[in-house]
1. How about segment 71-187: which strands (runs of 3 or more DSSP E) wholly inside it have at least 2 residues that are under 16 Å from the mean Cα position of the chain (by Cα) and not hydrophobic (A, V, I, L, M, F, W, C)?
2. Six or more apart or on different chains, Cβ atoms under 8 Å: show the pairs whose first residue is in segment 98-113 and at positive phi and whose second is in a strand (DSSP E or B).
3. One residue is enough: does segment 60-80 have a residue meeting the conditions within 16 Å of the ligand (Cβ to nearest atom), crowded, with 18+ Cβ neighbours inside 10 Å, closer than 21 Å to Phe176 by Cβ and not assigned by TED's automatic domain parsing to the domain that holds Lys182?
4. Search segment 131-161 for residues being free of Cβ contacts under 8 Å to residues at least 24 places away in the same chain and of a type in the set (A, V, I, L, M, F, W, C), and hand back the single one that is farthest from Ile90 (Cα to Cα).
5. What's the number of the condition Ile10 fails, among (1) surrounded by fewer than 22 Cβ atoms within 10 Å (Cβ to Cβ); (2) within 15 Å of Ile103 (Cβ to Cβ); (3) within 11 Å of the ligand (Cβ to nearest atom)?
6. Which residues, counting only those in segment 18-37, are touching a residue at least 24 places away in the same chain (Cβ under 8 Å), within 15 Å of the ligand (Cβ to nearest atom) and either over 17 Å from Ser80 (Cα atoms) or of a type in the set (Gly, Ala, Ser) (or both)?
7. Using beta carbons and a limit of 7 Å, which pairs, at least six apart or on different chains, have the first residue in segment 114-125 and surrounded by fewer than 12 Cβ atoms within 10 Å (Cβ to Cβ) and the second one not acidic (Asp, Glu) and not in a helix (DSSP H, G or I)?
8. Tell me whether segment 38-47 contains one or more residues that are surrounded by fewer than 18 Cβ atoms within 10 Å (Cβ to Cβ), modelled with pLDDT of 95 or more, part of a loop (DSSP other than H, G, I, E, B) and more than 16 Å from the ligand (Cβ to nearest atom).
Amino acid sequence: MVKKNTCVFISGQGSNLKNLIMRSRDDSFPINIRLIISNNKKAYGINYAKKFKIPYIFIDTSYLNYENKVFLNLKKYKISFICLAGYMKIISSNLIRNFNKKIINVHPSLLPKFKGLNTFSRMLKNKEIKGGCTVHYVDEKLDSGRPIVQKSFFIKINDNKFDLKKKTQKLEYTAFPEAIIKIFRNY
Ligand code: GRF
């Protein structure tokens, strides 16, 4: 199997990145992580790039032309697939059009419920019965692309937002790889 050269975009902890790196070491997993892009110099996830010797770059999205650097590097590393793993910026329509159906994101709710930020506090306020995660294609509307995999859990009466985060992320670590396998199964 020819693995897809993949770039992972991060902004923070990078626990999904770490999980994808571990999974991609398996010969039968469809992607290889060739590049990591962070918009945050202090992102903890950068440590995984260093540890596993994966090239990484920082982008400063406040610069008008920051995307030139993105495109140059995606080309340099022959990237054909992009995973957004806790990337806290909106991806430009230019990038989305260039990577049509080749960008996926993991979101900590059962989309279409709770698009956007602060999902866990909004879920608690709304007295939701279920929480979960969604891995979906990225299109030009926020958290609105077609879902690929969703996983859910029942919220307990005493769960606070940290419990919800923990339970959600645990599901993300299986949902994200599962979505990637599903996408490339028929290639
Ligand atoms: C994940 O929970 C994901 O749902 C959200 O951001 C979080 C990133 O966590 N989009 P990490 O950086 O992968 O640890």
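The values are calculated or read from the model by the stated rules, or taken from the named source; none is laboratory data. Bear in mind the structure is a predicted one, so any value in this text is a computation, not a measurement. Here the Cβ positions follow ideal geometry from the backbone for every residue, glycine too, while neighbour counts run over all protein chains shown.
1. Values: elements: 81-84, 103-107, 130-137, 147-154.
Because the criterion is at least 2 residues that are under 16 Å from the mean Cα position of the chain (by Cα) and not hydrophobic (A, V, I, L, M, F, W, C), the strands (runs of 3 or more DSSP E) in segment 71-187 that meet it are 103-107, 130-137, 147-154.
2. Close Cβ pairs (under 8 Å, with a partner that is in a strand (DSSP E or B)) amount to Lys101/Tyr137.
3. Checking segment 60-80: not a single residue is within 16 Å of the ligand (Cβ to nearest atom), crowded, with 18+ Cβ neighbours inside 10 Å, closer than 21 Å to Phe176 by Cβ and not assigned by TED's automatic domain parsing to the domain that holds Lys182.
4. Taking segment 131-161 first, the residues free of Cβ contacts under 8 Å to residues at least 24 places away in the same chain are 141, 146, 153, 156-158.
With of a type in the set (A, V, I, L, M, F, W, C) added as a condition, the list becomes 153, 157.
Values: Phe153: 28, Ile157: 34 Å.
This residue is Ile157.
5. Unmet condition: (1).
6. Looking only at segment 18-37, we keep the residues that are touching a residue at least 24 places away in the same chain (Cβ under 8 Å), and these are 18-21, 23, 27-37.
When the remaining residues are screened for being within 15 Å of the ligand (Cβ to nearest atom), the result is 18-21, 23, 33, 36-37.
Within segment 18-37, Lys18, Asn19, Arg23 meet the criteria.
7. Every condition considered, the pairs that remain are Gly116/Leu142.
8. no
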